[in-house]
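S.K.: Structure incoming, see below.
The values are calculated or read from the model by the stated rules, or taken from the named source; none is laboratory data. Values in this document were obtained by computation on a predicted structure and should not be read as measured data. Here the Cβ positions follow ideal geometry from the backbone for every residue, glycine too, while neighbour counts run over all protein chains shown. Just the protein is used for accessible areas: all its heavy atoms, side chains included, with ligands, DNA and RNA removed. Shrake-Rupley method; radii C 1.70, N 1.55, O 1.52, S 1.80 Å.
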Amino acid sequence: MLAAGVVVGLALWQRPRPPQGLTKAPAAVVAAAAVTRGRVAQSITLSGTLQPVQRVELSAQVPAKVSAVYVKEGDSVPAGAVLARFDEREMRANVDKAAAGIRAAAAQVTKARVGAEMTRSLADVRVDRAMDGIKAADAQVSGARAGAEVSEASAKAQVSQALSGIEAAEAAVLQAEKGAALSRQQADSDIATAQGGLAAAEADLKRATSGASVGSDAAAADVERARAGVATAEANLARVKAGARTSDVEAAEAQVKQARIGRDAAKRAVDDLTYLRKNGGVAGADLQQAQTQLDICNAQVDAAEAQLRGARAGASAEEVAAAEGQLREARAGLKQAEAGQGRSSVSAAEIEAARANVDRARTGLQSAEKAKAERYGLAEAQVRAARAAVEQARAGHGAAVSGLGVGKVRQAEVAAAQGNLAQAGGGLREAQVGRREAEVRAADLAAAQAGLLAAQADYRLAAEQIAKCQLVSPVAGQVTKLALHAGDAVMPGMPLAAVETKAAAELVCLVSGDQRAQLRAGQPARVKVDGSKREFTATVREVATSAEADGRTFRVRLLVAGDGLLPGARATCEVDVAVDDAALCVPLPAVQDVDGEAPHVFVTQAGRAVRRPVTLGLRSTATAQVVEGLAEGDLVVVSGAENLHDGSAVDTR
């Protein structure tokens, strides 16, 4: 039984509970008791009717050899007197063997429980890791798909932009070549005009120095030539001052607009890829390629803007000054030609004027040739810049086409990520196989626990055999028969003695098949007769092997010792079907989930309740045997455990 030192808990706290988070919850007040060793008797309750008994036949219950006989025929004996004793050495060996079997079975249970728990924990860890791997692989697939879509869309956009840039650059080349041709034509025209003026001035000088008279027809021709020169000079000056034509400026503006559109699209692509690069969506090669395309677009914008500035700026100051000088010279020549009409001789002043005209004409020719060289150079530079822009645009197109190949690489990365996802799924399936292995280990644990119960049953049976190694009279009376001597070998059921009595009765009960399986002749019992407060001792005398007429119940006879037992009275008895006199036991209220799959107790340690799984053995109405999980002296909670959990603060004052 339990030790006397049961610690009774104080009353529960009565003050209001403080708000959560401000202070710690008060310790639960509980009652606790120490785990001790004592007698645990598991019994079943039977009821029946008393019948009269005059003679009690005693027989052997185990095969054994008689070691001692304590009475002879005619002796009077009290109830419970030992008439003879049998050799119990073999039974003692069986008890020791059964005890060793219990220890081995308990060790097997411990091993199986540890293996089941470890296998389950490892399987759970592997499943969790596999789930994490699947999540990571799924994220990798999503990232790779997003990167592939962005790379493909970006590459297609860059190819489209590059094609537009090529078209704009080629149009700029055509425009530059047309401008260069016009510049060459104008420069050639200006030189031809200057050369004509020089030829006319030299002719005038020749006539003036030769003293030849100028006829009226020749003078008129000179005037017409001079007037044509003035008109040409005026038109040239107007063209130079007017600058480029509207169509040239509009073409240059369109080229600048197209180049800027391409540059903005390239910049957006760079920004998108920069964001994806920071989040691991694309590779660095994609970003570098987009940056190269942006540099090409910036160069195209610079070239187009330079061409637009040239178109808008028009002629330089030197070109305007040269055109104005040509106009002055042409007007002076016209004035001179008009003044020379009708004269027949040339004065020295006119000769000097002619010479001055020649000098001016030569200067104008030199200026025209210089302007031609500058115009040729500017036109060639514009053409070269436009052609360079075409080459840059074509290079950008090639890089964009290469970017389509990067999109294919991204598709390969998607396929690889999907392969990783499939592999992670395989890992999960393997981990789930580990869980099935844990279920097998749990079955092993159940088998080990069943083996422990079987070992305990063997132990109880062996212990009961020892109790049967003596011949006891259940009633008080006179020995009228004694058929045994020391050294005799006896067998179960062999009649050995008879006792005549007047102080006994027989309790006849009907039991179920499950109850019958637990009953055997010789088991002790306690009987209470209806209407009486006395308790009588009894012994199971006979257990029927065949069922009654109903096919469900079996007849059991118990011999009840005592006076005043009235035949026909109803009585109830408690039969001890299993007994352990040195069991490790706890009060039955201490066991939680006692009839469930996970019986456990709470052990108090350092002011905390520690949840401890236990394996139960025998059980009485007040006490349970603990086969595994506790040690003698452990302090277990016997009252107040309903609301505890592992780690709860407890007060056992």
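S.K.: May I ask for the distance between the Cα centers of segment 72-117 and segment 413-484, given as a whole number of Å?
M.R.: Taking the Cα centre of segment 413-484 as reference, the centre of segment 72-117 is 21 Å away.
S.K.: So what is the relative contact order for segment 378-508, in percent, with contacts set as C-alpha pairs under 8 Å and at least six apart?
M.R.: Reported as a whole number, the value is 16 percent.
S.K.: Right, here's the next one. So what is the accessible area of segment 551-605 per residue, in Å², with the probe set to 1.4 Å?
M.R.: 43
S.K.: Which whole-Hz couplings ³J(HN,Hα) result when phi for each residue of segment 537-554 is put into the Karplus expression 6.51 cos²θ - 1.76 cosθ + 1.60, θ = phi - 60°, listed in order with x for Gly and Pro?
M.R.: Whole-Hz 3J(HN,Hα) from phi for segment 537-554: 8, 8, 9, 5, 9, 7, 10, 5, 9, 10, 6, 6, 5, 6, x, 10, 10, 10.
S.K.: Percent of accessible area on segment 413-567 owned by carbon and sulfur, 1.4 Å probe?
M.R.: Whole-percent figure for carbon plus sulfur exposure: 53.
S.K.: For D488, enumerate residues with amide H under 5 Å from its amide H, sequence gap 5+ or separate chain, H modeled in the peptide plane.
M.R.: V66
S.K.: Among 493-503, 572-582, 293-303, what's the highest-first ranking by average C-beta atoms within 10 angstrom per residue?
M.R.: Answer by packing, highest mean first, reads 293-303, 572-582, 493-503.
S.K.: Hey, another quick one. Rule-of-thumb check for segment 490-648: C-alpha Rg over 2.2 N^0.38 Å?
M.R.: Scaled against compact globular proteins, the figure is 1.41.
S.K.: Once both labels are modelled 7 Å past Cα along the beta-carbon direction, what's the A181-R129 spacing in nm?
M.R.: Distance between label points: 7.8 nm.
S.K.: In addition: Measuring from label point to label point, each 7 Å out along Cα→Cβ, what is the A349 to T363 span in nm?
M.R.: My value for the distance between the label points is 2.1 nm.
S.K.: Which entries in K135/K156; K468/K502; K65/K481; K72/K468; K241/K335; K178/K335 show an alpha-carbon gap greater than 28 Å?
M.R.: In this structure, K135/K156; K178/K335 exceed 28 Å between Cα atoms.
S.K.: Just need the relative contact order of the chain here, percent rounded to a whole number, with Cα pairs under 8 Å and 6+ apart.
M.R.: RCO, the chain: 33 percent.
S.K.: What FRET efficiency comes out for the pair R55/A104, r = Cβ-Cβ distance, R0 = 56 Å, nearest 0.05?
M.R.: So the FRET efficiency works out to roughly 0.75.
S.K.: Can you compute 3J(HN,Hα) from phi for each residue in segment 639-645, using the Karplus curve 6.51 cos²θ - 1.76 cosθ + 1.60 with θ = phi - 60°, rounded to whole Hz and x for Gly and Pro?
M.R.: Per residue, the Karplus-derived 3J(HN,Hα) values read 8, x, 8, 4, 9, 7, 9 Hz.
S.K.: Please list, ordered by chain and number, the residues whose modelled amide H lies under 5 Å from the amide H of A497; skip anything fewer than 5 residues away on the same chain.
M.R.: Long-range HN contacts for A497: L58, A483.
S.K.: Taking only the C-alpha atoms, wrap a convex hull around the chain and report its volume per residue in Å³ as a whole number.
M.R.: Hull volume normalised by residue count: 280 Å³.
S.K.: Compute the length gained on full extension between E391 and L122: take 0.36 nm times their separation in residues and subtract their Cα-Cα distance, giving the result in nm to one decimal.
M.R.: Computed gain between E391 and L122 is 90.4 nm.
S.K.: Whole-Hz Karplus ³J(HN,Hα) for segment 583-589, in order, using 6.51 cos²θ - 1.76 cosθ + 1.60 and θ = phi - 60°, x for Gly and Pro?
M.R.: 7, 7, 10, 9, x, 4, x
S.K.: Mind giving me the nanometre distance, one decimal, between the label points for D550 and R526, set 7 Å out from Cα along Cα→Cβ?
M.R.: 2.8
S.K.: Give the calculated FRET efficiency between A457 and Y70 to the nearest 0.05, with a Förster radius of 30 Å applied to their Cβ-Cβ distance.
M.R.: So the FRET efficiency works out to roughly 0.40.
S.K.: Something else about it: Rounded to the nearest 0.05, what FRET efficiency do V508 and A483 have when you use their Cβ-Cβ distance and R0 = 30 Å?
M.R.: 0.65
S.K.: Return a whole-number percent for the relative contact order of segment 28-167, with Cα pairs under 8 Å and 6 or more residues apart as the contact set.
M.R.: Taking the mean separation of contacting Cα pairs over the length of segment 28-167, I get 13 percent.
S.K.: How large is the helix-only mean residue ellipticity at 222 nm for the chain, computed as the sum of -39500 (n - 2.57) over DSSP H runs with n ≥ 4, divided by its residue count, in deg cm²/dmol to the nearest 500?
M.R.: The helix contribution divided over the chain gives -20500 deg cm²/dmol.
S.K.: Which length gain, in nm to one decimal place, applies between M491 and A254 when the Cα-Cα distance is subtracted from 0.36 nm times their residue separation?
M.R.: Gain in length upon complete extension: 72.8 nm.
S.K.: Between V638 and residues 5 or more places away or on another chain, which pairs have amide H atoms under 5 Å apart, with H built 1.01 Å from N, and which residues are they?
M.R.: HN-HN under 5 Å from V638: A31, A32, A33.
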